[in-house]
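Data block below; observations after.
The values are calculated or read from the model by the stated rules, or taken from the named source; none is laboratory data. None of the values given here were measured: they were computed from a predicted structure. A quick note on method: Cβ atoms are made from the backbone with ideal geometry, for glycine too, and the neighbour counts reach across all protein chains shown. In case anyone asks, the SASA skips ligands and DNA or RNA and just uses the protein heavy atoms, side chains included. Shrake-Rupley method; radii C 1.70, N 1.55, O 1.52, S 1.80 Å.
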Amino acid sequence: MKMKQLKTIYQTSFLIGNIYTPKVLEDEALHQLLKTQFNALTAENIMKPALIQPKQATFTFDAADAMVDYASDHDFHVVGHTLAWHQQTLDWIDEAKTSREEALNLLREHLMEIMTRYKGKIISWDVLNEAIEDGVQQDTKAWRKHLRDTPWLRMIGEDYIQHVFHIAHELDPHAILYYNDYNLNNQQKREATYYMVKELKEAGVPIQGIGMQGHYHTNTPVQTVEESLALFTQLDGIEISVTELDVTVTGSEKATVLSTDHEIEQAQYYAQLFQIYKRYENSIKRITFWGTDDATSWRRERFPTLFNQDYSPKQAFHAIVDPDQFLKDHPLVERDTTQTAVATHGSPVLGVVQTWHQKHPLSVSRQLTAWEGATAKAYVMWDEVSLYLLADVSVATLNASAKEIHHKDSVDIYLNLMQEQSKNDQTDDHHITITFENEVSFNGKVDIKGFKSFATTTNNGYQVQVKIPVQKGLFVEQVIGFDLQVNDSNAHGVRQSMATWNDVSGRLGTSTAGFGKLRLTCAD
């Protein structure tokens with residue numbers, strides 16, 4: 001049976017795009033898939049700064065030229081990705097020896113070479129990528145406080161943002177210029193982005209679009225995506241695109257084949273997304289999927305795309321063809337995703353692993369960002385006056401160079417002794433952060449009297465152990481609000497991923513509503 005064409009189904013709504021990789025020039029089946037289903041292409045990697053200019057004044061355009069020629073030959077619109085970013089950037093620049101003016105000149109020279117070469121051939125550019133940090137918790141209107149610590153920010157200052165857009169517009173006045181970021185469904189991050197774009201636009205900066213990357217999971221609350229679209233559509237003169245859409249399947253990371261139930265669950269999520277996108281089609285310019293098939297996706301461990309390795313369509317593809325019908329045929333079942341963990345009775349000795357009961361592990365593995373990094377196994381114990389936690393963190397690299405503790409490799413402990421799930425932190429709540437070097441923060445609150453902690457590195461990462469005294473005492477069968485988050489810092493001292501035990505909203509710092517439940521038991 002011949003597959004229906006997504007680009008035809010949505011031709012009056014928005015462009016339907018995918019990534020370009022050089023593989024398409026050698027794989028006829030991939031070429032046929034792209035040509036049949038999509039009408040826009042984004043360079044996955046070949047236009048990123050480090051690949052275009054690996055050394056100063058040495059530009060490598062062959063792969064990008066081939067992409068632009070391929071798109072022209074087969075009637076694809078082309079999206080340029082990306083001009084200014086904190087990763088895969090111009091690492092040959094010596095920041096310590098580069099003045100502000102020299103940095104501005106290097107930025108201009110990079111943009112001039114690439115944008116002049118492809119002027120008139122590219123409909124839009126992801127000019128600035130991921131400039132807002134993760135973990136924005138408050139004061140979102142003051143967006144400058146939440147700028148990611150990037151090389152361009154350090155060398156030029158916060159106005160590097162205005163400069164990169166002005167330079168890009170000068171070089172190609174007809175290209176649509178985008179700010180592109182992930183996790184824009186997070187309330188605080190989307191608000192910071194909204195205020196940044198609003199202020200820049202009102203100041204005459206030629207920013208014309210917001211790219212919502214769309215690296216989601218099947219446990220990402222779908223309503224948060226619509227909330228972001230509703231906010232961004234309030235910006236005059238700003239178009240929206242979903243620039244890097246893929247949806248990983250929570251719980252499938254150890255599977256070799258996607259189960260039928262998981263495939264339907266993923267398809268239901270895609271169907272809900274496209275119901276939302278259709279409602280906002282007057283504001284959305286383009287939907288671009290970040291990958292053609294599960295086997296070659298950058299998130300391949302969790303089966304995120306619409307097609308199998310042989311390019312046969314998954315249920316997700318059929319869900320997008322007709323979202324309403326798919327959800328009629330596969331109705332949603334409301335699920336309570338709140339997890340309950342067991343804490344066993346006992347008083348372990350910090351630093352002595354043998355004194356810990358390890359029969360009821362908590363898996364801290366619900367990834368909140370596109371970068372799926374550190375995870376942890378955790379164990380909780382209690383006695384009548386204290387709560388005890390052991391978290392065994394698996395992570396590839398350790399870094400504590402960041403100024404802010406939550407950007408270091410660390411564990412966040414969230415505790416609500418009253419089990420009151422409310423939108424605002426309560427006086428009985430605790431938010432404690434501990435790094436792999438045993439640096440501790442109580443996040444603006446007074447130190448907890450009698451609190452103790454221990455941290456040590458391991459072959460696979462690090463381990464933290466804590467004792468949290470509880471003033472009002474604890475008792476058997478008590479249920480308290482509880483969550484854990486693991487922060488993963490990259491080699492540059494920037495937090496690139498977060499994983500939680502229960503919450504998937506990204507709002508742990510401002511709301512107890514996403515906490516899981518911890519039941520105190522005498523069972524071993």
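Measuring with a 1.4 angstrom probe and ignoring ligands and nucleic acids, SER401 comes out at about 80 Å² accessible. Only protein heavy atoms count here; under a 1.4 Å probe, GLU170 has an accessible surface of about 110 Å². The order of the peptides 85-97, 460-472, 206-218 by mean Cβ neighbours within 10 Å, most packed first, is 206-218, 460-472, 85-97. Once backbone amide H atoms are built at 1.01 Å from N, ALA341 has LYS517, LEU518, ARG519 as its partners under 5 Å, excluding neighbours fewer than 5 places away on the same chain. Rounded to the nearest 10 degrees, the inclination of helix 160-171 to the longest alpha-carbon principal axis of the chain is 20 degrees. Using the Cβ of GLN56 as centre and a radius below 12 Å, the other residues enclosed give a net charge of -4, where K and R count +1 and D and E count -1. Need one number: nm distance between label points at THR8 and ASN460, each 7 Å from Cα along Cα→Cβ, rounded to one decimal. Result: 5.0 nm between the two label points. Stretched out straight at 0.36 nm per residue, the stretch from SER259 to GLU439 would grow longer than its current Cα-Cα span by 60.6 nm. In the context of the full set of protein chains, the chain has a per residue accessible area of 42 Å² (1.4 Å probe). The local environment of ILE240, defined by Cβ-Cβ distances under 11 Å, has a net charge of 0 under the rule Lys, Arg +1 and Asp, Glu -1. Once all protein chains are placed together, ASP236 keeps about 130 Å² accessible to a 1.4 angstrom probe. A Cβ-based charge dipole, computed about the Cα centre of the chain with Lys and Arg at +1 and Asp and Glu at -1, lands at about 460 debye.
Using a 1.4 Å probe on the protein heavy atoms, what percent of the accessible area of segment 447-524 belongs to carbon and sulfur?
Values: 1450 of 3100 Å².
On segment 447-524, the fraction of accessible area on carbon and sulfur atoms equals 47 percent.
Using Cα atoms only, what is the angle between the long axis of helix 62-73 and the major principal axis of the chain, expressed in degrees (0 to 90) to the nearest 10? Helix 62-73 sits at roughly 60 degrees to that axis.
Nearest-5 percent of antiparallel DSSP beta bridges in the chain?
Here the share of antiparallel DSSP bridges comes out near 55 percent.
Assuming a ≥ b ≥ c are the square roots of the Cα gyration tensor eigenvalues, decide whether segment 142-193 counts as rounded (a/c under 1.5), prolate (otherwise, with a/b larger than b/c) or oblate. Judged from the Cα gyration tensor, segment 142-193 comes out oblate (a/c at least 1.5, b/c at or above a/b). Given a 1.4 Å probe and every protein chain left where it sits, what share in percent of the accessible area of segment 1-102 is carbon and sulfur? Its accessible area is 49 percent carbon and sulfur atoms. Computed from backbone phi, the HN-Hα couplings of segment 50-56 come to 5, 8, 6, 10, x, 9, 4 Hz, rounded to whole numbers (Karplus: 6.51 cos²θ - 1.76 cosθ + 1.60, θ = phi - 60°; Gly and Pro given as x). Just to confirm the number: angle between the C-alpha axis of helix 187-202 and the first principal axis of the chain, 0 to 90 degrees, nearest 10? For helix 187-202, the angle is close to 40 degrees.
What net charge is computed for the residues neighbouring SER13, neighbours being all others with C-beta under 15 Å from the C-beta of SER13, Lys and Arg scored +1, Asp and Glu -1? Can you show the working numbers first?
On the way: positive: LYS4, LYS7, LYS278, ARG279, LYS285, ARG286; negative: GLU239, GLU281, ASP322, ASP324.
After counting each charged neighbour, the total is +2.
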